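Here the structure comes first, spelled out in structure tokens, and everything after it is commentary.
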Amino acid sequence: MQRVFKALEKYHYLAALLIMLLALLVSLLLGNWFLPPLGVLLILQLGVGVVAFIGQRASAILAGVFGAVAFNYFFTEPRYTLHMHEVEDTVSMLVFLVIALLTSQLAMLYRRQQAELQHTRLRSSILLSVSHDLRTPLASIIGTLSTLQAYRERLPAAEQDELINGALEESHRLHHYIENVLQATKIQHGAMNFTTTIQPLMPIVQHVLKRVNNPRVRLDVLPPLPEVKVRESLLA
């Protein structure tokens, strides 16, 4: 469904035309049978509202003008003319335009709120993932140093060196994670430019799965996989 909305937003003028033509067709069919002019007006206004919700302000205004002209041409006396001598016809045109503007504004506000909500959820997920990545080496460092402090006198020199080397290795790992977070923050705020290279996608996915290390995660590959632009240092 989200892909459909994105496609409609991309071709919003064409979508607006198709929606208003559909609304006009329904109005003509029902108007010829039993629907009064007020019902026809509501159907066309509904079409304008739908266009405003899925499109942009320009397409919503065009839909409003289309609906007003269509209502004046097909459903007001004298029919099949574009005369707008009556005050009601002018009011109908203004109502269509007002509805288009208000609905498009509300739709833009709704999409902005949805984008902010999605951004907040993504940021929360990233923070959780980063917290887990930072906590693992930090816990290892604390455990190693605590063991070394408590049992230094009882441990031979080789084991002490092994513990120290393990703590240093985890310290470098923690430093690398922190550097990645800082670089990602700079990239997000546009404060950092870097060069990328074209890399196959499969090794990147396998690297992520190796880091996740969860037996419940299963990878199903449908070749061919695309190549992507990446910076290798951020994938290490």
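The values are calculated or read from the model by the stated rules, or taken from the named source; none is laboratory data. Just so it is clear, the structure is predicted and the values come from calculations on it, not from any experiment. Just the protein is used for accessible areas: all its heavy atoms, side chains included, with ligands, DNA and RNA removed. Shrake-Rupley method; radii C 1.70, N 1.55, O 1.52, S 1.80 Å.
For the chain, hydrophobic long helices are taken as DSSP H runs at least 20 Å long by C-alpha position along their axis with mean Kyte-Doolittle hydropathy of -1.0 or more; these are 12-33, 37-54, 57-75, 87-150, 157-188. For the stretch 57-111, the solvent-accessible area with a 1.4 angstrom probe is 59 square angstrom per residue.
Taking 151, 110, 177 in turn, the Gaussian network model of the chain (Cα-Cα springs below 10 Å) assigns the largest fluctuation to 151.
For the chain, modelled as a GNM whose springs connect Cα atoms under 10 angstrom apart, the maximal fluctuation among 154, 79, 173 occurs at 154.
Dividing the C-alpha radius of gyration of the chain by 2.2 N^0.38 Å, with N its residue count, gives 1.77. Between amide H atoms placed 1.01 Å from N, distances below 5 Å from residue 155 occur with no residue 5 or more places distant or on a separate chain.
Over the residues of the chain, the helix contribution to mean residue ellipticity at 222 nm works out to -26500 deg cm²/dmol, using -39500 (n - 2.57) for each DSSP H run of at least 4.
Within the accessible surface of the chain, defined with a 1.4 Å probe on protein heavy atoms only, the carbon and sulfur portion equals 64 percent.
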